[in-house]
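Taking it in order: structure first as structure tokens, then the write-up.
The values are calculated or read from the model by the stated rules, or taken from the named source; none is laboratory data. Small disclaimer: the values here were computed from a predicted structure and weren't measured. All Cβ positions, glycine included, derive from the backbone under ideal geometry; neighbour counts span all protein chains shown.
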Amino acid sequence: MRAHARIGVVGAAVVLGWCAGGFAQEHPQQPTTPGAPSASPPRAPEQPAARALAGVKSFRDIEYASPDGKPVKLDLYVPEHADKPMPLVIWIHGGGWRAGTKDQCPALALTRDGFAVASVEYRLTDRACFPAQIHDCKAAVRYLRAHAKEHNIDADRIGCWGASAGGHLVALLGTSAGDKACEGAELGNADQSSEVQCVCDWFGPTDFVGYKAESADVAPMLVGLFGGKMSEKPDLVKLASPALHVKKDGAKYPPFLIVQGDKDPLVPWQQSQELADKLKEAGAAAELVIVKDAGHGFGEKNGEELQRVKGFFEKQLLKKEIKDEKAPPSKAG
């Protein structure tokens, strides 16, 4: 219970920031006409960089790739004095693919529990359209796997966690293994696998073909992501949809934890249901939690859901059975 209290305080303080902004609402002054191209969005206020906890080494601003000659970076946090290689949890931030920062990392609290943690930035849509974002995320996984030994990381135990746009990207990491169009192998370490061993997706969109959000704020985000109207980019829209990569053809998918609010105006909960259903039909382990009365983020239930995430990674990467300490259920599917 003491460990749970620590992650609840440390993690919730970080999570409250990006849940308040969410997938598309951090820039309400943006034009909301569906399909209308918009100027580059104003940057969110600068956030203080995440601070490593006591007994944790931090490696900030590691350049993991340089697409178009401009670096993309990650931060790595590694507990000191571990007696054996540790599992790694990779955090992918949200922000509508056009904002957000690696400096806010709720996964950092997991370093207290035997995990190394990486927080990854990726090209935003004012710099490049999809598939640049997934290319960067996969390049980051390959880089971290290539350099695992020097940081005492177990390259065979890598999980990922993301929220909103970050949830979309981690879901795609988990479902698109072997798809060369998503790989971005030219970004380096092509001899390494970009596969992950488990995925935690918090309210990320999963099927853009069937995507219908209540909020008009979403439309400019998607125009930015795809470089035009989705109706004009059907192949790219399918490529970007994690649920559409799942096939019942014998392919193996990692375990998923998918958490979504039932009153999310930006990402309908049916998006999460579709991904969970398809994963289960394909024989994968997928737990879907629909949080009652939650929107795009979990508000006062953040602490509870952070415990669920902690238990998921402990089970999948530490192979620890979670019994009495597991977070109480919301509404699971």
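Within the range 126-148, how many residues are in contact (Cβ under 8 Å) with a residue 60 or more places away in the chain and among the basic types (Lys, Arg)?
Total satisfying the criteria: 0.
Here's the yes/no breakdown for (1) touching a residue at least 40 places away in the same chain (Cβ under 8 Å); (2) over 19 Å from residue 135 (Cα atoms):
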position	(1), (2)
60	no, yes
64	yes, no
69	no, no
98	yes, no
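Considering the range 154-167 alone, what residues qualify as being of a type in the set (A, V, I, L, M, F, W, C) and under 26 Å from residue 305 (Cα atoms)?
158, 160, 161, 163, 165, listed by residue number.
Within the range 205-217, does at least one residue satisfy the condition of being basic (Lys, Arg) and at pLDDT below 95?
Yes: one or more hits.
Being surrounded by fewer than 22 Cβ atoms within 10 Å (Cβ to Cβ) and in a loop (DSSP other than H, G, I, E, B) is the filter here; which residues of the range 65-101 pass it?
The answer is 66, 70, 71, 80, 81, 82, 83, 84, 85, 101.
It is to be established whether one or more residues within the range 115-130 are touching a strand residue (DSSP E or B) at 6+ places or on another chain (Cβ under 8 Å) and basic (Lys, Arg).
yes
Could you list, ordered by first residue, the pairs with Cβ atoms under 6 Å in which the first is in the range 175-202 and over 15 Å from residue 239 (Cβ atoms) and the second is among the charged types (D, E, K, R) and not in a loop (DSSP other than H, G, I, E, B), at least 6 apart or interchain?
189/142; 192/142; 192/145; 194/138; 194/142; 197/157
So, residue 126, is that one surrounded by fewer than 23 Cβ atoms within 10 Å (Cβ to Cβ) and farther than 22 Å from residue 217 by Cβ or not?
Spelling it out, it is not the case that residue 126 is surrounded by fewer than 23 Cβ atoms within 10 Å (Cβ to Cβ) and farther than 22 Å from residue 217 by Cβ.
Answer yes or no as to whether residue 54 is modelled with pLDDT under 95, of a type in the set (A, V, I, L, M) and exposed (fewer than 12 other Cβ atoms within 10 Å of the Cβ).
Yes: the conditions hold for residue 54.
I'm trying to understand the selection: among the residues of the range 242-278, which are out of contact with any helix residue (DSSP H, G or I) (no Cβ under 8 Å at 6 or more places or on another chain) and under 16 Å from residue 177 (Cα atoms)?
Passing the criteria: 247, 249, 250, 251, 252.
For the structure I just gave you, tell me whether residue 281 is surrounded by fewer than 19 Cβ atoms within 10 Å (Cβ to Cβ), touching a Pro at 6+ places or on another chain (Cβ under 9 Å), touching a residue at least 12 places away in the same chain (Cβ under 8 Å) and more than 30 Å from residue 128 (Cα to Cα).
no
Could you pull out the residue among 306, 236, 225 that is surrounded by fewer than 21 Cβ atoms within 10 Å (Cβ to Cβ) and touching a residue at least 40 places away in the same chain (Cβ under 8 Å)?
Selected residue: 236, the only one of 306, 236, 225 that is surrounded by fewer than 21 Cβ atoms within 10 Å (Cβ to Cβ) and touching a residue at least 40 places away in the same chain (Cβ under 8 Å).
Kindly list the number of the only condition in (1) in a strand (DSSP E or B); (2) over 26 Å from residue 273 (Cα atoms); (3) out of contact with any Pro (no Cβ under 9 Å at 6 or more places or on another chain) that fails for residue 145.
(1)
Does the range 202-233 hold any residues that are under 27 Å from residue 145 (Cβ atoms) and in contact with a Leu (Cβ under 7 Å, 6 or more places away or on another chain), and which are they?
206 - this is the single residue of the range 202-233 that is under 27 Å from residue 145 (Cβ atoms) and in contact with a Leu (Cβ under 7 Å, 6 or more places away or on another chain).
Kindly provide the set of residues from the range 164-186 that are crowded, with 24+ Cβ neighbours inside 10 Å and either of a type in the set (A, V, I, L, M) or under 17 Å from residue 218 (Cβ atoms) (or both), ordered by number.
Hits for the range 164-186 are 164, 165, 166, 167, 168, 169, 170, 171, 172, 173.
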